[in-house]
There are 2 protein chains.
Amino acid sequence: MDIFDRRILRALQKDSQRPIAELARDIGLSTSACHRRIKLLEENGLIRGYAAQIDRTALGLKLQVFVEITLSSQAREVLEAFETAVTRFDDILECHLTSGHADYILRVVARDMNDYADIHRECLSRLPNVASMQTIFTLRPVQQWRGYPIRDAD
Amino acid sequence: MDIFDRRILRALQKDSQRPIAELARDIGLSTSACHRRIKLLEENGLIRGYAAQIDRTALGLKLQVFVEITLSSQAREVLEAFETAVTRFDDILECHLTSGHADYILRVVARDMNDYADIHRECLSRLPNVASMQTIFTLRPVQQWRGYPIRDAD
DNA sequence: CGTGAAAGCGAAGCGCT
DNA sequence: AGCGCTTCGCTTTCACG
């Protein structure tokens, strides 16, 4: 992991479809050297994959919501049952076990308020051991899709 | 936006590097038809770009944090000043204006607790008009990087 | 809008330094 | 490790149904 790898990651995080030759010139490397480094970064798991970034609103998903979940118990089986159930919901994009007063925080998308009301009901009925669900609507995304900061100094 | 476009988006969201010929066979289209559709999806802005997915922990970013921010005022200039300042922080990956008791929710990454303490201080000193900052640490990511749900029924 | 084939280009692999 | 060349495969485009 040197300066060149960092430059490669920074670039690929922004745009993974630029020709390697172009990228190589920008960072001061030959095409083949750059190519080999990329393959190594993939093999070593630093690059987990490549994905198209889709416009959420163009899909008709106007709402983005954070949901704070508190369970009725923090027993291991309860957490596991909840987490398994969570993965079955396509609308739940992310789920994090958290510190603080709530147990989990979810990121959920929905078409509109009616759609979210449905999802909300579905969650209450099919996610086990939920004691409370606190919904936080995002009114406006200020900053989105920013890649991870990759600093030269490690 | 028909069934084929949806299948294309679903596929590209998971892996944008598969050969088009392969993808086309999977969804039941010829290579060129599939290719034309992809270019159209790009032109129409449904596909905003292509990005490498980097392993956060491999970068040494062990911590992921949600921060709820309450400002001292909800005046337009105050919000704008805050939002402009937010974009200057590389460690703040996302920022959403939200409903509820707080004004904003941020997603922040950090190397470790010391690093986060630094970031926290930096935020308090350089983000204007912050009345309170509530930190929520994510202890374990349960679900990550799931693409948007793309339903056949619209 | 879909198909099939042809051409142009970048990615992948090689020997060498 | 880096470089330059060659090969191969995919993307891209075209003429046509």
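The GluC sites (Glu not before Pro) found in the range A:68-111 include none that occupy coil by DSSP while having at most 12 further C-beta atoms within 10 Å. Scaling the Cα radius of gyration of the protein assembly as shown by the globular reference 2.2 N^0.38 Å produces a ratio of 1.06. Please identify the trypsin sites (Lys or Arg not before Pro) of the range A:92-154 that satisfy two criteria: DSSP loop assignment and at most 14 other Cβ atoms within 10 Å. Which are they? Those that pass, being in a loop and sparsely packed, are A:Arg151. Here the range B:3-43 is treated as a Stokes sphere of Kirkwood radius computed over C-alpha pairs; at 4 °C and 1.567 mPa s its diffusion coefficient rounds to 132 µm²/s. In order along the range B:122-128, phi translates into HN-Hα couplings of 4, 4, 4, 8, 10, 8, x Hz, rounded to whole numbers, per the Karplus curve 6.51 cos²θ - 1.76 cosθ + 1.60 with θ = phi - 60° and x for Gly and Pro.
Calculated over the range A:66-135, the projected area of the Cα convex hull averaged across directions stands at 4.2 nm². The Cα atoms of chain A define a convex hull whose projected area, averaged across directions, is 12.0 nm².
We did not get these values from a lab; they are worked out from the coordinates using the rules stated. The structure presented is a predicted model; accordingly, all values stated were derived computationally and were not measured. Cβ coordinates were reconstructed from backbone atoms using ideal geometry, including for glycine residues, and neighbour counts include every protein chain displayed.
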